[in-house]
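What follows is a set of notes on a single structure, which appears directly below.
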Amino acid sequence: MKRPFKGLRGNPPDSSYDAVIIGAGIGGLICANLLARERLRVLLVEQHYMVGGYCSTFRRKGYTFDAATHFYPLLGNAATITGRLLCDLGMTNGWIKMDPVDHFHFPDGSSFAVPANFDLYLAKLQVEFPHEAMALDQFFAVVREVYLLGLLYYFRWHETDRLDQYRELTVREVLDHHFSDEKLKLLLAADCGHWGSPPSRTSFVFDSMLRLSYFLGNYYPRGGSQAFADELAQRFEEASGAILMSSMVRRIMVRKGSACGIEVETGPAHARRLHSIKAGVVVSNADLLLTLERMLEPEHDAPDRLAVFKQLRPTHPCFLTHIGLKDVPTEVLREAAGYHWSSWDSDQVATRSFKVFVPTLYEPAMAPPGGHIVIVQKLTDIDYDRVDDWPAHKAAVEQYIMTNLERVMPGFNERVVVCLSASALTSYSFTLNHHGAMLGWEMSPDQLGANRPAINGLVKNLYFAGHWTQPGGGITPVIVSAMQVAKTIIAGDSARVELTDAMSNHAATLSDFARRLYAEAL
Ligand SMILES: Cc1cc2nc3c(=O)[nH]c(=O)nc-3n(C[C@H](O)[C@H](O)[C@H](O)COP(=O)(O)OP(=O)(O)OC[C@H]3O[C@@H](n4cnc5c(N)ncnc54)[C@H](O)[C@@H]3O)c2cc1C
């Protein structure tokens, strides 16, 4: 498939750059763009033959499948930090807004679609759960407050003691505190699969930030995830950046305690070459443990800190089944889309729920004419190191998924043109994410803020951007990490102040209540 960027195409990289970035996930691509825009000479190195990491696609029999990510909150809304950033980078690809934002299917056969408008959403909840109407008002008042305080604290590193009473809370604790209706409690956490962890281990503050961000717009990229990642690569090249594809960084060079370059393996398998490239700064968008354990010489590691990081819990891996279909009516798929639960207990997210995503509802061009795509996502609770028969594991989970699809959409199996699945091992193989984790470390209260690995400070001139570092996992936090790394490199910590303006735009698009709160919080 023709890509809109060139890459170095067999030409050797220069012997030195101002900055080298390891990994072309969204964290690496955004950081590369921001540094190149400041006229730094930047080399972006990617071990895979596609850019995007978890935001890439692959093609089979005319169907184009998103490898992982499909919800891109905020990115099509230029009034938000991240949406505005994309405009500033000259991105034009475009976004398709989702409405409803999500759809939940419950064990009793009922379902609930979440409208993209917050007032409609709340009104719909009040009608369906009149006995919890007051509790709903109280709950969402807290969610709104926490949303803004969370933005300040986690995205802007702005200390605020008003968050103290919420910071340690999990989603589960807050739902149990406010509500007694089990169905409502499940409904308000039914999308928890996107955190890669159960609600009893997911931060209420982070969840509130994502929950409300959906009402500022949740988007799918026009042309699919690869179109977004490819355009970021294209813009980077237009800003004079260099991209080295299919090249594995083996070592980060350190001299006198300061990162000063990389060793990277390039070329086809039969003629690999090792290049040493000097760099003023090195940014790793790759897995954190991989970076520290395999790319740094042991004497430059901080063994005590590495030991602490190894105690952190990664998010669950997400098993995916990608299916190309023919002759399935759009309405059948629209109805089946969303999270399916066979338990009322949202903590059973890794065992009793799965999600159906139908990208062709938003972008029909992902399938041949008349066709559709279904992507099923299912968290798996596995002990990665102990799986000794990956094909058997894959077959068992795929069987579970296909049986359920047939139950939800009778006759489904006869409409399948192509079907393939990806396990945790597949995720690891393509992206090198530790144990195929979905979003880096779990976003649990004890693994956020200062307890999450920082973007710098381990080795001078070595930075981390992506979901293994602060502020957290998922597209928005990953972009924020890349912005912070770029700003820290360019201008030191004082650059963080600029985010304040962008955040006031956030508040401006919310209610009066939120605006007032935002002003107070600052
Ligand atoms: C199934 C699934 C669904 C998801 N859905 C959503 C969603 O809908 N919305 C959302 O917001 N988030 C979602 N997420 C999470 C989100 O995709 C990630 O948090 C985010 O994409 C991570 O971006 P990143 O840049 O940190 O890392 P990655 O995407 O992992 O990119 C890291 C890159 O580094 C490269 N690399 C690694 N080591 C080296 C090396 N030694 N040399 C060169 N290159 C190297 C890798 O090949 C990769 O390209 C999902 C995740 C999964 C797995």
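The values are calculated or read from the model by the stated rules, or taken from the named source; none is laboratory data. Here the structure is a predicted model, which means the values were calculated and not measured. When we count neighbours, we look across all protein chains shown, and the Cβ atoms used for this are built from the backbone with ideal geometry, even at glycine. Calculation scope for accessible area: heavy atoms of the full protein, side chains included, ligands and nucleic acids excluded. Shrake-Rupley method; radii C 1.70, N 1.55, O 1.52, S 1.80 Å.
Brief remarks follow.
- Near pairs, Cβ below 6 angstrom, 6+ apart or cross-chain, from region 361-379 (more than 14 Å from Ile323 (Cα to Cα)) to any residue that is assigned to a loop (DSSP other than H, G, I, E, B): Leu379/His316; Leu379/Val349; Leu379/Ala350
- Only one of Val416, Val408 that is open to solvent by 20 Å² or more (accessible area, probe 1.4 Å), of a type in the set (Val, Ile, Thr), in contact with a helix residue (DSSP H, G or I) (Cβ under 7 Å, 6 or more places away or on another chain) and more than 11 Å from the ligand (Cβ to nearest atom): Val408
- Meeting the requirement of 1 or more residues that are open to solvent by 30 Å² or more (accessible area, probe 1.4 Å), the strands (runs of 3 or more DSSP E) wholly within region 1-94 are 16-22, 57-60.
- Residues of region 260-294 that turn out to be within 27 Å of His435 (Cα to Cα), open to solvent by less than 10 Å² (accessible area, probe 1.4 Å) and of a type in the set (A, V, I, L, M, F, W, C), as a count: 6
- In the set Phe104, Phe65, only one residue is more than 12 Å from the ligand (Cβ to nearest atom) and touching a residue at least 40 places away in the same chain (Cβ under 8 Å); that residue is Phe104.
- For region 127-166, the tally of residues that are among the hydroxyl-bearing types (Ser, Thr, Tyr), over 21 Å from the mean Cα position of the chain (by Cα) and crowded, with 19+ Cβ neighbours inside 10 Å stands at 1.
- In region 427-463, residue nearest to the ligand (Cβ to nearest atom) [restricted to those that are hydroxyl-bearing (Ser, Thr, Tyr) and buried (at least 19 other Cβ atoms within 10 Å of the Cβ)]: Thr431
- Which numbered condition Leu120 fails, given (1) over 26 Å from Ala337 (Cα atoms); (2) surrounded by fewer than 15 Cβ atoms within 10 Å (Cβ to Cβ); (3) not acidic (Asp, Glu): (1)
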